[in-house]
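The structure under discussion appears below in the form of structure tokens.
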């Protein structure tokens, strides 16, 4: 049984065996996870992987079929605590879900009232958020007249109006151009600097690399959790070192073969060597080549991207 005191000093979000079924369909299966206070955590996975369902359970919007989850010490699977969970959490859903007749400013005013914010707090937060997200000049325009990208930014402002302790975001940069996406990423980093805990569902792996402290790869089950760097370096199957020489000689290849580098690929003056199969370092390879009379003009290591690691994990562990 999940102890309600366990989150304190351990994680702002703690799940244990969190599971959700829709009839005979298993959407989320036995997810156990801890997310630290002040961490940006990315949930990655293909469509229908259970990312949105997981976020909705953490927000208290839908119940769990089994398992437990704590958010800021509150049990989201306990109906008596769900209302308080919703007060502490800001949610950007998959669809913006705005009222088309309300202006941007009135949208935030309306939701600020729902959170029982004072008039002064509503006014201050509205100006702050709309300015930060580039919407202040459109504050009086009905939401229906905004572009998809601007609607997305307004929906993010709505999620943040009550200055939530925990922020759950489903594809926050969907429909945004690169400049607007950059603004949203900066907002997320600002929230992190303020000590907020953020969960981001995203298909944009480069975005996860830029803002997330850790990521979890989900396909109904949680397949792997780690920092983007850890996941990249763990997936070393195609990692190589490329060594450029003035001229590639047979004697240079013989030196590499003596070190166990049989699977080399030579393209012009460039030699590519898979590292995982070797019991030696790239520095040793270069030193041996130089000792053998080779003139080395360049060395580079090819590390897998987070996308490479993501695809490898889905292929190997699903």
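A short reminder: the numbers here are calculations on the coordinates, not readings from a lab. None of these values were measured; they are calculated from a predicted model. All Cβ positions, even for glycine, are placed from backbone atoms using ideal geometry, and neighbour counts span all protein chains on display.
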Note to self, the chain gives a 222 nm [θ] from helices alone (DSSP H runs n ≥ 4, -39500 (n - 2.57) apiece, / all residues, nearest 500) of -10500 deg cm²/dmol
Calculate, axis by axis, the spread of Cα positions in the stretch 240-302 along the three principal axes, and write the results as whole Å, longest axis first.
26, 21, 17
For the chain, modelled as a Gaussian network with Cα springs under 10 Å, which listed residue fluctuates most, 119, 148, 192?
119
For Rg and Dmax of the Cα atoms in Å, which listed value, (i) 31.0, 103; (ii) 19.1, 57; (iii) 24.8, 80, comes from the coordinates shown?
(iii)
How high is the relative contact order of the chain? Use alpha-carbon pairs under 8 Å, at least six apart in sequence, and give a whole percent.
18 percent
Based only on other Cβ atoms within 10 Å, what is the fewest-to-most ordering of 85, 290, 255?
290, 255, 85
Calculate, for residue 254 and residue 229, the FRET efficiency according to 1/(1 + (r/R0)^6) with r their C-beta to C-beta distance and R0 41 Å; round to the nearest 0.05.
0.70
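Give me 77, 24 sorted ascending by neighbouring Cβ count inside 10 Å, so fewest comes first.
Ascending Cβ contact count within 10 Å gives the list 24, 77.
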How tilted is helix 282-291 with respect to the longest principal axis of the chain? Cα atoms for both, answer in degrees (0 to 90, nearest 10).
20 degrees
In degrees from 0 to 90, rounded to the nearest 10, what is the angle of the helix 104-114 Cα long axis to the longest principal axis of the chain?
70 degrees
With Cα coordinates, the longest principal axis of the chain makes an angle with the long axis of helix 148-160, in degrees rounded to 10, of 70 degrees
For residue 95 paired with residue 242, estimate the spin-label separation in nm (one decimal), with each label point 7 Å from Cα along the Cα-to-Cβ line.
4.6 nm
Quick one: 266, 76, 286, fewest Cβ neighbours within 10 Å first, how do they rank?
266, 286, 76
